[in-house]
């Protein structure tokens, strides 16, 4: 191959490769996807349980925030609802319970649940709710392989461990989530987690 042919071939190769090189330079880097758990690999108890509690607390907080402030004193009256908690009382009860379930664990932010008794407004109750779920999540995150199933001092009759108290806290929150969902729908409000396109 003579010199002229070499020059033509080189020019063609350069021309073909340039668009690809330019495209590669302009291509936006892909956002790194969160690492998923691989079946069979160990996961720290606190990590696993906190992930689940995070999902439940997000649904509960979203539902609590969806109710307008002037409806926080709403309680059903049609049917067998005599003596039930108002919407705001449901929110306060869950916030208080979150502190009760994990009291004495040495987690920062612990308060006496009774200090929330006087809260009435949506703003105050929502702050208390968010703070209580942060406290609960911090407590659950402190669970390790070593302490997950060692007996707690109380409540003794339940043979309580850190893992079982975490499970109780989640079950309790979702029990009351179901109740406030009814309250929302009775007021024509679809809970955020149930709205079309929601990926909760």
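The values are calculated or read from the model by the stated rules, or taken from the named source; none is laboratory data. Treat the numbers as computed from the prediction; the structure is a model and nothing was measured. Cβ sites come from the backbone with ideal geometry, for glycine too, and all protein chains shown count toward neighbours.
Screening the candidates 120, 114 for the property of being assigned to a helix (DSSP H, G or I) and in contact with a helix residue (DSSP H, G or I) (Cβ under 9 Å, 6 or more places away or on another chain) yields one hit, 114. Would you check if residue 139 is free of Cβ contacts under 8 Å to residues at least 40 places away in the same chain, within 17 Å of the chain's Cα centre (by Cα) and either within 20 Å of residue 99 (Cα to Cα) or surrounded by 13 or more Cβ atoms within 10 Å (Cβ to Cβ) (or both)? It is true that residue 139 is free of Cβ contacts under 8 Å to residues at least 40 places away in the same chain, within 17 Å of the chain's Cα centre (by Cα) and either within 20 Å of residue 99 (Cα to Cα) or surrounded by 13 or more Cβ atoms within 10 Å (Cβ to Cβ) (or both).
Yes/no per residue for (1) part of a helix (DSSP H, G or I); (2) modelled with pLDDT of 95 or more; (3) in contact with a helix residue (DSSP H, G or I) (Cβ under 6 Å, 6 or more places away or on another chain); (4) surrounded by 10 or more Cβ atoms within 10 Å (Cβ to Cβ):
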residue	(1), (2), (3), (4)
38	no, no, no, no
62	yes, yes, yes, yes
93	yes, yes, no, yes
98	yes, yes, yes, yes
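Among the residues of region 106-131, those that are in contact (Cβ under 8 Å) with a residue 60 or more places away in the chain and either surrounded by fewer than 14 Cβ atoms within 10 Å (Cβ to Cβ) or closer than 13 Å to residue 69 by Cβ (or both) comprise 125, 126. The one condition from (1) surrounded by fewer than 18 Cβ atoms within 10 Å (Cβ to Cβ); (2) at pLDDT 95 or above that residue 79 does not meet is (2).
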